[in-house]
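The values are calculated or read from the model by the stated rules, or taken from the named source; none is laboratory data. As the structure is a computational prediction, the values presented were derived from the model and not from experiment. Note that we place each Cβ from the backbone using ideal geometry, even for glycine, and neighbour counts take in every protein chain shown.
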Amino acid sequence: MININFRDARPIYEQVKDGFRQLILSGVLPADTRMPSVRELAGQLAINPNTIQRAYRELEAEGYICSVPGRGSFVRERSDAAAARRRQLLEQFDAFTAELKLLGLSGEDLAERVRGDHHD
């Protein structure tokens, strides 16, 4: 289900979070699917439960899962998760484009890049 690459520069919790995000957005984990418990997943992946807890906390903050006290964590509706991811990516996009403008790129340069018309 989730693969951890210890040679990856990204922290393990981000790898876990990204792995689940992909599974949710692709529909492999449909809405209302119960997520593995923190202890269960930590045991399967042989990593610290706090690492899994951090990944779950961020997935919940980003709108991919919700926790139900006493029952565990569950996948939210895919449209909710997709909307949350779109918002997150657009915020990053806005920050990157603002910085690129400060570095001298024009709005037209950026538009060409978005359209795929760029030739570096």
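Tabulated values for the structure
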read-out	value
Checklist (1) at pLDDT below 90; (2) under 16 Å from the mean Cα position of the chain (by Cα); (3) not small (Gly, Ala, Ser) applied to Glu112, failing item	(2)
Which numbered condition Ala82 misses (of (1) surrounded by 15 or more Cβ atoms within 10 Å (Cβ to Cβ); (2) assigned to a helix (DSSP H, G or I))	(1)
Test: residue in the range 36-51 that is under 14 Å from the mean Cα position of the chain (by Cα) and surrounded by 12 or more Cβ atoms within 10 Å (Cβ to Cβ)	no
Residue under evaluation Ala61, criteria (1) surrounded by 12 or more Cβ atoms within 10 Å (Cβ to Cβ); (2) free of Cβ contacts under 8 Å to residues at least 60 places away in the same chain, criterion not met	(1)
Residue that is nearest to the chain's Cα centre (by Cα), among those in the range 85-105 that are modelled with pLDDT of 90 or more and not in a helix (DSSP H, G or I)	Leu103
